[in-house]
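Only the coordinates and a few stated rules stand behind these numbers; no lab work does. For clarity, every value in this text was computed on a predicted model and none was experimentally measured. Positions of Cβ are generated from backbone atoms using ideal geometry, with glycine treated the same way; all protein chains shown enter the neighbour counts.
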Amino acid sequence: MKTFKFKMITIIVLTFGFVEISNAQKQSAGLYLTYSDYLDHKLSYITDPTTPNGNKLLIHEFMGMNKVTVISNGKKTVIPKSELFGYHDSYGNDYRFYENKAFQVIDTTAFYIYSYDKLIQQGKGPKPTRVYYFSKKNLGEILPLTAENIAKAFPKNAKFRYMVEVAAKTDIKLDAYDNESNEYKIKELYAESLK
């Protein structure tokens, strides 16, 4: 029983543990204060891998904490996630904060697709699983990527709604990525609905 608890705690910490972006990483990372900053790729509190005592960002993703901690020149600054658009990590990924969670921005054509890794019960225990979400507008509500939510978000595009409904009934995953067209299935359906 103790081994099981240890494994579960380890999985939770590894999956939801706070994201730490430090100066030991090769690429610069930083915060997007606004949506405009995200569009312009203007980072604030940039981590500089060449500076030994550069900025350090603590995203605190564990348990959905509502703040980001910046450590710069030994000084600690705490910023509420609600006052930030998101952040750019050292691997080149962008994230948007929404309801104290950091959703990875996956696609921005026509509407936004996000992913979020969460623990989902599978077999003997929960396993980290990537779940997909979307928002119709750049700063709009982030919703699970389901046929029902698509229908609610796009009430005036009947063709798109019907195509998504048919895809869902035929077990076509809306979050499937088509390597041939380099697009997500949901984006293919949307583009087709506009023709």
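Inter-label distance, Leu143 to Lys124: 3.9 nm, where each label sits 7 Å from its Cα along the C-beta direction. For Thr34, the residues whose amide H sits under 5 Å from its own are Phe85, ignoring neighbours fewer than 5 places away on the same chain, with H placed 1.01 Å from N. Here's how it looks for Glu183: its modeled amide H is under 5 Å from those of Asp178, which are all 5 or more places away or on a different chain.
To the nearest 0.05, what FRET efficiency results for Ser82 and Val131 with a Förster distance of 30 Å applied to their C-beta separation? If you can, show how the numbers build up before the last one.
Values: r = 22 Å, r/R0 = 0.74.
The calculated FRET efficiency here is 0.85.
Exceeding 19 Å between C-alpha atoms, which entries from my cross-link table qualify? They are Lys137/Lys187; Lys159/Lys185; Lys152/Lys187; Lys156/Lys187; Lys127/Lys185.
Details: Lys137/Lys187 15 Å; Lys159/Lys185 15 Å; Lys152/Lys187 17 Å; Lys156/Lys187 17 Å; Lys127/Lys185 25 Å.
The pairs that break the limit, which is 19 Å between Cα atoms, are Lys127/Lys185.
For segment 80-178, GluC sites (Glu not before Pro) are listed when DSSP marks them as loop and at most 15 other Cβ atoms sit within 10 Å of their Cβ; the list is Glu99, Glu141.
Across segment 99-115, coupling constants 3J(HN,Hα) worked out from phi with the 6.51/-1.76/1.60 Karplus curve, θ = phi - 60°, read 6, 6, 10, 9, 8, 6, 7, 9, 8, 10, 6, 6, 8, 8, 10, 10, 10 Hz, and Gly and Pro carry x.
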